[in-house]
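Worksheet for the structure shown next.
The values are calculated or read from the model by the stated rules, or taken from the named source; none is laboratory data. Model, not experiment: these values are computed from the prediction. Neighbour counts run over all protein chains shown; Cβ positions are idealised from the backbone, glycine included.
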Amino acid sequence: MLSATDTKPQRENQDSAPNPAQVVISLDHIHKTYHMGDVEVHALRGISLTIHEGEFVAIMGASGSGKSTLMNIVGCLDRPTRGTYLLNGHDVSQLSKDERADIRNHRIGFVFQGFNLLSRTSALENVELPMLYAGLETQERHRRAKEALAAVGLVGREHNHPNQLSGGQQQRVAIARALVNRPALILADEPTGNLDSRTSVEIMEIFQRLNREQGITLILVTHEPDIAQYAKRVIVFKDGKISRDYQITEQRSAAEELKLLPALTDDDDD
Ligand code: ADP
Ligand code: MG
């Protein structure tokens with residue numbers, strides 16, 4: 001298990017202890033237009049949004065409504081065409097490629113639908129990779145990677161390659177990889193899209209635990225209303241705009257639901 005103190009996301013301000021939740025993400029009239037030859041695609045049409053530390057947000061909406069485009073901008077993989085994006089109070093909307101890569105590596109963890117693991121590399125090495133880029137020493141890399149794999153329930157699987165792991169286990173490796181640089185923010189785009197329902201609940205249990213115990217801010221894209229109910233807030237996209245934004249009054253508890261689901265051994269978890 002990762003202990004709460006070990007993995008607490010590093011903050012800029014270390015002052016006054018129980019501070020009111022700080023703003024992590026502030027988007028002001030974000031637009032994104034893609035140019036395909038002569039055709040312009042208005043993927044985002046003026047998104048304004050504030051997300052505070054410790055929130056767990058599910059983003060929903062039909063295919064093509066702009067969810068992934070937004071995640072790419074929030075994750076500093078791409079820049080908005082117009083509008084301002086403040087991440088932890090810093091304007092990141094117009095940073096260069098290298099500056100954005102630096103922010104991604106230090107502040108943001110990514111989890112994707114297709115896991116995106118390196119296939120010829122062990123679970124441990126996959127998890128170590130972000131720390132290699134961050135320049136951590138070998139011993140520290142091993143220590144943190146093992147700890148992160150333990151936190152997602154993968155003790156004993158450190159040396160397995162992705163093709164020796166079930167889908168659920170691969171997604172856990174991806175979550176461990178997202179955690180190791182102690183990001184303040186984790187972005188997950190359809191993380192349960194390739195998983196069966198029980199495995200999806202297991203993955204949501206991990207996200208809920210990270211959010212609750214470590215205060216990690218989470219933004220998760222899903223098209224499944226059931227999955228969105230594990231979050232605390234739902235934002236619905238329509239045609240590149242926000243059509244609804246509401247708090248969940250009764251958040252589902254993945255941990256409680258798992259107790260009621262028939263247990264599987266590690267090996268048939270796929
Ligand atoms: P979602 O994730 O909600 O399905 P996307 O953000 O992927 O939606 O896409 C929003 C719109 O932008 C769609 O019309 C899509 O075709 C278009 N789009 C997304 N990425 C690109 C791109 N790289 N180039 C051109 N058009 C794109
Ligand atoms: Mg998408």
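Can you tell me which condition residue 77 does not meet? The list is (1) within 16 Å of ligand 2 (Cβ to nearest atom); (2) out of contact with any strand residue (DSSP E or B) (no Cβ under 6 Å at 6 or more places or on another chain); (3) at pLDDT 95 or above; (4) not small (Gly, Ala, Ser), and all the others hold.
(3)
Where residues in the range 47-74 are within 18 Å of the chain's Cα centre (by Cα) and β-branched (Val, Ile, Thr), which of them is farthest from ligand 2 (Cβ to nearest atom)?
Among those that are within 18 Å of the chain's Cα centre (by Cα) and β-branched (Val, Ile, Thr), it is 50.
Considering the range 151-194 alone, what residues qualify as being within 16 Å of ligand 2 (Cβ to nearest atom) and closer than 19 Å to residue 77 by Cβ?
187, 188, 189, 190, 191, 193
Do the conditions hold for residue 82, that is, is it surrounded by 15 or more Cβ atoms within 10 Å (Cβ to Cβ) and among the basic types (Lys, Arg)?
Here the answer is no, as residue 82 does not meet what is asked.
Keeping to the range 195-254, report how many residues are within 16 Å of ligand 2 (Cβ to nearest atom), over 10 Å from residue 59 (Cα atoms) and touching an Asp or Glu at 6+ places or on another chain (Cβ under 6 Å).
So the answer is 0.
Those residues that are under 22 Å from residue 29 (Cα atoms) and out of contact with any Pro (no Cβ under 9 Å at 6 or more places or on another chain), I need them from the range 209-233; list them, please.
218, 219, 233 - these are the residues of the range 209-233 that are under 22 Å from residue 29 (Cα atoms) and out of contact with any Pro (no Cβ under 9 Å at 6 or more places or on another chain).
Output the qualifying pairs, or none if there are none: Cβ atoms under 6 angstrom, residues six or more apart or on different chains, first residue in the range 30-48 and of a type in the set (Asp, Glu), second residue within 10 Å of ligand 1 (Cβ to nearest atom) and in a strand (DSSP E or B).
40/33
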